[in-house]
1. Do you know which residues across segment 457-476 are open to solvent by less than 50 Å² (accessible area, probe 1.4 Å) and either over 16 Å from T503 (Cα atoms) or in a loop (DSSP other than H, G, I, E, B) (or both)?
2. Consider only pairs whose beta carbons are under 6 Å apart and that are at least six residues apart or on different chains; among these, list those whose first residue lies in segment 593-616 and is farther than 14 Å from Q565 by Cα and free of Cβ contacts under 8 Å to residues at least 60 places away in the same chain and whose second residue is of a type outside the set (A, V, I, L, M) and open to solvent by less than 10 Å² (accessible area, probe 1.4 Å).
3. Only one of (1) of a type in the set (S, T, Y); (2) within 21 Å of N487 (Cβ to Cβ); (3) open to solvent by 30 Å² or more (accessible area, probe 1.4 Å); (4) part of a helix (DSSP H, G or I) fails for S579. Which number is that?
4. List, please: which pairs have Cβ atoms under 9 Å, are six or more places apart or on different chains, and start with a residue in segment 244-269 that is modelled with pLDDT under 80 and end with one that is open to solvent by less than 50 Å² (accessible area, probe 1.4 Å) and of a type in the set (D, E)?
5. Taking segment 211-243 only, how many residues are in a loop (DSSP other than H, G, I, E, B) and touching a residue at least 24 places away in the same chain (Cβ under 8 Å)?
6. Which ones in segment 530-555 are among the hydrophobic types (A, V, I, L, M, F, W, C) and either without any contact (Cβ under 8 Å) to a residue 60 or more places away in the chain or in a helix (DSSP H, G or I) (or both)?
Amino acid sequence: MGPEQGGAQEESVILISDDEAESPLGNSVLLVEPLQKPILEDKKAEEIVDEECELVVTFCKQGNVMPHARYDCMTHPFERAECETRSPLENNANICDQCYCYICDKLASECQNWRAPSHCHCNAHNKSAFWKDQRGLALAGVLVMFNLELTDIDADLQCGGNLLIKFVHELSVEYNTYLVGERVSPNSHECFCHPKRGPGQCNICRQHHVELIYRYSGVFALVTTFLNQAEKENPKAAAVMLLGAAKEISLHKDPAQNLQNLGVSASLRMAVPCLMERITTQLQRMLVLCDFPKVLYEKFISFFQTISLPCHCYAFSNSLNVVPWDHGLLTTVLKGQNITGQRTQKGKKVFLWEVLPVIQARGEKMENQGHYKEIVRYLKAVKCNDTLGLRKLRDKIPFYLCKSGDFVSAVHSLLLPFNNLACCTACRITPFQFEIYLKMFRTGSVPCGNNFHDPGEWISIGSPVKNSILIKHALKLLYCNLSLYRNPKCWSSLIMVLGSSTTLEKNGHLNAVSLKEPPHDFQEMVVSVSCVLLNELKTKVNVSLPSNVFSGPLQLEACLILTVQAVQQMLLNDLPYLSSFLEITLAFGNNFWALRLLLNGLSCEEHILHGTINLLLRDLNFQKATMLHLWKKLGPQYVGELLCLYLTCRNRKMQSIGIFIIHLISENLYMCPWAKHLCNFLNTGLRKLPLGTTTDHEVAKFIAVLEKL
């Protein structure tokens, strides 16, 4: 180093020879604090003149000795050898104040192995492959077993390595305790060396008959705690910890000569596979979800493949053979260029086959990225040994299609089975999911979240499904799923959706609309064709609804009438299984003409009508407070029209519902300040009520009470 450079230096560095850059270990320059500030003696130099170059030197400083590797020391000569560790060579042990250990990267005076036999770091230099490996081992620590370059090791990997070293030491102690075993007396009172003696006759001899039990519980608990800690670390650190733990437990041997049934955590042959399954499952997810550098990704997989698994863990041999995202077959599937998930390679068919945790992880990542079309393509093409688990994931395909804006395909996919799976998604959807699907189909909106139950706003992303398609597939869903068919919540959801507009509030609530009552001849026409249509929807795959009815100006009214007829059939056949009828009646909202059509249709079957009325009266009796709160929200006009509907029914039993409502309001007038506005509705709507009847007297008394308010 020139004098000018030395004079300008204020912080010291370790200088390694220029050819060090050729080492695979990378750069070996380390910034350090100087031991002490050197005393610079400024010397005034004599004036030197170079006439040719016109250079005049008027002042100079004495150069500093920079920190350097021992083999680069200019004060003490160095003797090179390939791998001499027995003793120092020649003067290699001699050092100056700025000599650094090539292995430890610290001052040679602080190196504990500088002269130590079998180590002799004073002989280390950068021309020896042996010493380079030693340097890499010292700097990389336990990470060297992953075959990582020093340039690959960052703070996360180093953290994982440090935690792994600590764990390995603790595990060694616990495993050695396990190998000692636990001596226990046998449960049997029989003496094995004197079988003819009876129980209790050989107590002295039994003291020598002890059984050695090996309980793996302590090791299992320690490994479990370590795995819990790994899941809280950054991905790189967690991967190092999990892979290291997998290698350590794979080396554990069961010293018991006979099989000891001690339970999952206490028996090594049961505990190790259990731990290995947890480790590999987590690693599979990390390889998919975490964006590891390609080199690190491949080295993690290669390391696991080098682990010598015991016979009880052979099932995990290929568990980390997870194809990367840029794999050829996977890429073509995601892009829609390959819809089958198979291709021919060297004359053999190759399938996109992945384990369930990997499939789940890919789905999660694509969900978070909003790649819903890609999820659909992937789930349709991928194959898995866990058919039930894969079927559960495929059940969300209609939801993903809705999220992508393809509502028509979503409607059809609900009723179509995939590949060789026995039944379709419709057989397994819940009432809540049924309601969500109806909302999406009716409004062309979807929830912002990636699950049915995620809270949040709804956004419009496409055109709603046609009403004829909506009603047809909604009824087919109900017919193919008995739990939905007998659930009043599902029928009320369908009625509410048909009685709502195509716009949805941001919180996902429907906007109810009042449909004008269609002409009676139109109602009779729809009712006349309903029986045939409903029967076809139950038995046939492809059903066409009359376009002149379900695609005309009264298409929404026609769909509601068809639903009313379907509810009537359900009540006729499955009334004993119905848990509530009040919910269905409330779903009609202000469309009282449709509710009247339903009630009049039940009059044909007296026992069904009585059963329905009794069910409705029971619901009203159980939910008095709820109904009073609801009526306050809906207002006197709704309550008045509801009373008129029930009180003017031809069936006396049906009128009893109106009388029950009158009594409920009369008993709770302090909670119903709106009740005084009912007089006008009752006086107008009940003119046709026969005089002298019980109903007439109850209404008159009620009106008299209201007029006094």
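The values are calculated or read from the model by the stated rules, or taken from the named source; none is laboratory data. Treat the numbers as computed from the prediction; the structure is a model and nothing was measured. Note: ideal-geometry Cβ built from the backbone for every residue, glycine included; neighbour counts use all protein chains shown. Surface areas here come from the heavy atoms of the whole protein model, side chains and all, with no ligands, DNA or RNA. Shrake-Rupley method; radii C 1.70, N 1.55, O 1.52, S 1.80 Å.
1. First, the residues of segment 457-476 that are open to solvent by less than 50 Å² (accessible area, probe 1.4 Å): 458, 462, 465, 467-476.
Across segment 457-476, the qualifying residues are G462, V465, S468, I469, I471, K472, H473, A474, L475, K476.
2. T612/F581; L615/F581; L616/F581
3. Result: S579 fails condition (4) only.
4. Listed pairs, sorted by first residue: Q260/D254.
5. Kept after step one, since they are in a loop (DSSP other than H, G, I, E, B), are these residues of segment 211-243: 214-216, 231-234.
If we keep only those that are touching a residue at least 24 places away in the same chain (Cβ under 8 Å) too, we end up with 214-216, 231, 233-234.
Here the count works out to 6.
6. The first filter runs over segment 530-555 and keeps only residues among the hydrophobic types (A, V, I, L, M, F, W, C), leaving 531-534, 537, 541, 543, 545, 549-550, 554.
Hits for segment 530-555 are C531, V532, L533, L534, L537, V541, V549, F550, L554.
Quick grid of which residues meet (1) basic (K, R); (2) open to solvent by 20 Å² or more (accessible area, probe 1.4 Å):
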position	(1), (2)
G263	no, yes
R269	yes, yes
P273	no, yes
I279	no, no
S302	no, yes
S317	no, yes
D326	no, yes
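Yes/no per residue for (1) of a type in the set (D, E, K, R); (2) over 20 Å from the mean Cα position of the chain (by Cα); (3) not in a helix (DSSP H, G or I):
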position	(1), (2), (3)
F303	no, yes, no
H312	no, yes, no
N321	no, yes, yes
T332	no, yes, no
G336	no, yes, yes
T344	no, yes, yes
F399	no, no, no
